[in-house]
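Encoded as structure tokens, the structure appears first; notes follow it.
The values are calculated or read from the model by the stated rules, or taken from the named source; none is laboratory data. These numbers come from a predicted model, not from an experiment. All Cβ positions, even for glycine, are placed from backbone atoms using ideal geometry, and neighbour counts span all protein chains on display. Heavy atoms of the whole protein, side chains included, go into the accessibility calculation; ligands, DNA and RNA do not. Shrake-Rupley method; radii C 1.70, N 1.55, O 1.52, S 1.80 Å.
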Amino acid sequence: MATKEHSLYKLVTKEQAEAFAWSFEGPNTEALLYPFVFPPIQPHEVRIQQTYFGLCYTDCHLVNQDWFPINYPSVPGHEILGHVVMKGDQVTQFQIGDLVGAGFIRDSCGNCKLCIQGNDQLCGQKGDEHFIPLPKFGGFATHVQFPAKWAFPIPNTIPQHLAPPLLCAGITVFAPLKRYFNPNKEVAIIGIGGLGHLAIKFSAAMGMRTSAISTSPDKEQEAKSYGAIDFIVSKNPEEMAKASGRFDIILSCAHASTVEEFIDQTKLLKNGGDFIMVGIPALTKVELQLPFYSLVCRQISFVGSLVGSRQENYEMIEFANKHKIYPTCEEYEFENFKTAYDKLLNGRPKYRCVVKVGNAPQTLKQ
Amino acid sequence: MQQLPAHSVYLVQESKETADAVAYAFLSNTGEPVQYPYKYPKIADDDVRIRILFTGLCHSDCLHSRGLWDPYIKYPSCPGHEVVGEVEKVGTGVTKFKVGDKVGCNPQRWMCQTCELCKKGDNQLCSQNIGLYDDNNFGGYSTHIQVAERMVFRIPDGFNDALGSPLLCAGVTVFAPLKRYYKPNYSCAVIGIGGLGHLAVQYAAKLGMTVTAFTTSKNREQEIKKLGASNLSSSIDVESLKAEQGKYDIVINTLYIENEEVFKSHQRLTAPTGTYIQVGAPPSKVNFKLDHAYIILNQIRVAGSLIGNYDETQEMLEFSAQNNVYPIVETFEFEEFPKAFDRMEKAQAKFRCVVNVGKWAQANGLWK
């Protein structure tokens, strides 16, 4: 049981709890059950009782302070799915009982240049309120409370036990694929994991000729079942040499483990091509670099992408629904959260861990 | 006069009397270039032979002829890829140009026009691309140059020949990416106010952007503002660079700085959703370190750029003539080629060296 209390979420007894979270009291520690009550709901907020939620490696990076120091206790989690059970007075777009999802972004100001231009995920005006997983409580809980603006209606045709990872992994790959889309482009997806397997599905469904690049030869059948027209084993120098200069777009969904591996990945790009970067590795990992000669004389670009805007989220949900694009998930009960988290941190889930909340809010009170 | 070595293509002559042209060529990776009279073996059907009026000197010429890029280059080596001249002779199949036309050459001598990149318009990335100078071809350090018509540019009316030759490399190198990524309301950072940078400031300002010049030379404020910069800031002071973080929609870096923290601060000048353009390259096998966290969190583009394609080069020439964008040059006589090269090699030139080739060529009977 948790002992460290968060200033906003009063730690109470199980019987008194409105909600239960899994909280971390320090880096590299086990999650502890945190029964709590919410602060009063704000006029622009909704409270969601989750049906299922997803786990993302970013949550591990945050908890373990891989990028920057954080305050504890921490309840991360940012692949949220559930029903609206409470809403503030100013919330008009949702009714109690609506099924909604949410991802990494908690809030945006709506008035700055980035917001007005449609890049509200990049809004810099919201300080501590910008992200869902911290410093306020995020999705590793039975309930989450956050601005309605960043809740997205989820159609009931999307299986709920598969939906949560779309709200982070899904949007992370959908947004840049759409942004750089062209029907004539050759696309390579590097890494067939949580992000990569969804990227292949989205890219192929968009009509682009999509190839999968993996360290594992045994993923070929699977990649092709998602719509990949070709499969390249990155540890095979002949295959990599043959694919040199082939792709207009590379979407990297796996971290290179050495500088040489990264440089080899960039060689697959056509002159003038775009290498899309979405994953931020731990600071101690490989520093991404390539010869000046390659960057300048081949005129290649590295473009970053951070989840997606609200508009891009709406489009992604609609697109996934229409094309039945769902992640492959491993499901865990709420009470077994620690097992799910450990699998993510130390194991190799295939491909996303999802936790079923179910009746936990009632059963945990006993 | 020393015995000159033979060349694989050009027929070396004992004197300029029998020559089609006189080059300044390097005979080894050290020492000064020397006069090298030669005849062309032939003029191909699609070739244009050009009387060079002015040649610009580019630092790439050093990196090539001193063997710094490729230690196994062949000598004699005649570099130079910033040429303004007039047509002297055309091959039988040439249709785009006639004798007397004012023309220019950029650093590329050949594009295949059939590969995907050429068809898309990016001929500078063509896999069959040949540089204006290499082991087999003499460049602009000469009274003449002979190039296939597909890579010859029309010099627009009103163009300042005496000042304009450096535009064919330095000019297009900054104009093309600025034009590719800019919007007129953008704020623009130009890092490094030297040969490339002082042109980038002018182009960016004429394109309508607000320009901040990042430089170490605070004492040149007046002069840099006259080129079109609204503000100056330090290119190497980390605290000052941090204060400018995220402010510029388009950043063009003409430098390479060894200090990693400074170099990351250059990338961090880029505003969210903006573009950082790298054109400055170091001489040795150095890696560009990507600030990937910043790139992802701010959704920026870090782009390399190489000269420009044919259309971008032609457009640059016209834009420069219409908007009066020219480099600040130091001009030398033909026989001062070694002196000009030395000044450029030591990075002392302000800002580009140009050789008045035509004057000597005409006076010495080489316009035949």
Worksheet item: If a residue has to be closer than 15 Å to A:P133 by Cα, part of a strand (DSSP E or B) and touching a helix residue (DSSP H, G or I) at 6+ places or on another chain (Cβ under 8 Å) to count, how many in region A:36-73 make the cut?
Response: 3
Response to the item:
Quick count over region A:31-44, residues being open to solvent by 10 Å² or more (accessible area, probe 1.4 Å) and either in contact with a Cys (Cβ under 8 Å, 6 or more places away or on another chain) or closer than 30 Å to A:D89 by Cβ (or both), is 8
Item to complete: Might you check whether a residue that is more than 12 Å from chain A (Cβ to nearest Cβ), open to solvent by 30 Å² or more (accessible area, probe 1.4 Å) and at pLDDT below 95 occurs anywhere in region B:199-212?
Response: no
Worksheet entry | Number of the condition not met by B:G274 [criteria: (1) open to solvent by less than 30 Å² (accessible area, probe 1.4 Å); (2) outside any strand (DSSP E or B); (3) within 14 Å of chain A (Cβ to nearest Cβ)] | (2)
Practice prompt. Residue by residue through region B:280-304, note down the ones that are at pLDDT 95 or above and either in a loop (DSSP other than H, G, I, E, B) or on the phi > 0 side of the Ramachandran plot (or both).
Written response: B:N298, B:Q299, B:I300
Worksheet item: If you take the residues in region B:43-65 that are modelled with pLDDT under 95 and open to solvent by 20 Å² or more (accessible area, probe 1.4 Å), which one is nearest to B:D134 (Cα to Cα)?
Response: B:H64
Worksheet entry | region A:217-250 - residue that is polar (S, T, N, Q) and farther than 21 Å from A:T328 by Cα and, of those, most open to solvent (accessible area, probe 1.4 Å) | A:S244
Worksheet item: Looking at region A:285-294, which of the residues that are touching a strand residue (DSSP E or B) at 6+ places or on another chain (Cβ under 8 Å) and either at pLDDT 95 or above or open to solvent by 10 Å² or more (accessible area, probe 1.4 Å) (or both) is nearest to B:G304 (Cα to Cα)?
Response: A:S294
Item to complete: Look through region A:305-354, keep the residues that are more than 30 Å from A:F181 (Cβ to Cβ) and of a type in the set (A, V, I, L, M), and return whichever of them is surrounded by the most Cβ atoms within 10 Å (Cβ to Cβ).
Response: A:A340
Worksheet item: So which residues in region B:171-192 are in a loop (DSSP other than H, G, I, E, B) and open to solvent by less than 10 Å² (accessible area, probe 1.4 Å)?
Response: B:G192
Discussion item. Suppose we filter B:I328, B:I307 for residues that are surrounded by 21 or more Cβ atoms within 10 Å (Cβ to Cβ) and at pLDDT 95 or above; which single one remains?
Written reply: B:I307
Worksheet item: Taking A:N271, is it over 23 Å from A:D59 (Cβ atoms) and assigned by TED's automatic domain parsing to the domain that holds A:A241?
Response: yes
Discussion item. Residues that are under 24 Å from B:A340 (Cα atoms) and open to solvent by 50 Å² or more (accessible area, probe 1.4 Å): does region B:31-40 have at least one?
Written reply: yes
Practice prompt. Return the pairs, sorted by first residue and then second, in which the second residue is crowded, with 20+ Cβ neighbours inside 10 Å and of a type in the set (D, E), the first residue lies in region A:91-118 and is within 14 Å of chain B (Cβ to nearest Cβ), the beta carbons are less than 8 Å apart, and the residues are 6+ apart or on different chains.
Written response: A:I105/A:D120; A:S108/A:D120; A:L114/A:D120
Worksheet, complete the sentence: Considering region A:7-30, residues that are among the hydroxyl-bearing types (S, T, Y) and over 23 Å from the mean Cα position of the chain (by Cα), and then whichever is most open to solvent (accessible area, probe 1.4 Å), we arrive at A:S7
Practice prompt. Could you check, for region A:202-215, whether at least one of its residues is open to solvent by 50 Å² or more (accessible area, probe 1.4 Å), under 24 Å from A:S301 (Cα atoms) and within 20 Å of the chain's Cα centre (by Cα)?
Written response: no
Worksheet entry | region A:291-313, residues that are small (G, A, S), assigned to a loop (DSSP other than H, G, I, E, B) and more than 7 Å from chain B (Cβ to nearest Cβ) | A:G308, A:S309
Item to complete: Go over the candidates A:A188, A:A169 one by one and state the one that is within 25 Å of A:R106 (Cβ to Cβ), surrounded by 24 or more Cβ atoms within 10 Å (Cβ to Cβ) and at pLDDT 95 or above.
Response: A:A169
Worksheet entry | So A:M277, is it open to solvent by less than 30 Å² (accessible area, probe 1.4 Å) and within 8 Å of chain B (Cβ to nearest Cβ) | yes
